[in-house]
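I have placed the structure first, in the form of structure tokens, so that the comments after it can refer back to it.
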């Protein structure tokens with residue numbers, strides 16, 4: 001099996017489509033956007049003294065080793081991950097996989 005990796009991005013609510021589009025332009029063949037909720041050091045906001053639980057979007061993309069760096073860089077740029085509180089992205093190796101894994105020259109549309 002080829003080296004396959006899972007890129008996980010936890011980003012601000014409303015940025016999932018932007019991140020998914022950027023990763024597709026960088027060579028990803030697709031992805032999944034899920035809603036989540038989280039609290040980080042930069043996310044202790046209040047409105048009228050009431051704490052806000054920040055909503056997040058989680059973008060999951062499976063990719064091959066030769067595309068992983070380009071996709072990761074595209075995600076960092078699209079989600080502005082160089083700014084505090086913007087989110088986080090990381091890569092994990094995938095040991096086993098079942099289902100259809102595309103290996104084409106086209107990225108997602």
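Among the residues of segment 82-109, those identified as modelled with pLDDT of 95 or more and closer than 19 Å to residue 15 by Cβ are 89, 90, 91. Restricting attention to segment 9-35, the residues being in a loop (DSSP other than H, G, I, E, B) and surrounded by 18 or more Cβ atoms within 10 Å (Cβ to Cβ) number 6.
The values are calculated or read from the model by the stated rules, or taken from the named source; none is laboratory data. Please read these numbers as outputs of a predicted model, since none were measured by experiment. Cβ coordinates were reconstructed from backbone atoms using ideal geometry, including for glycine residues, and neighbour counts include every protein chain displayed.
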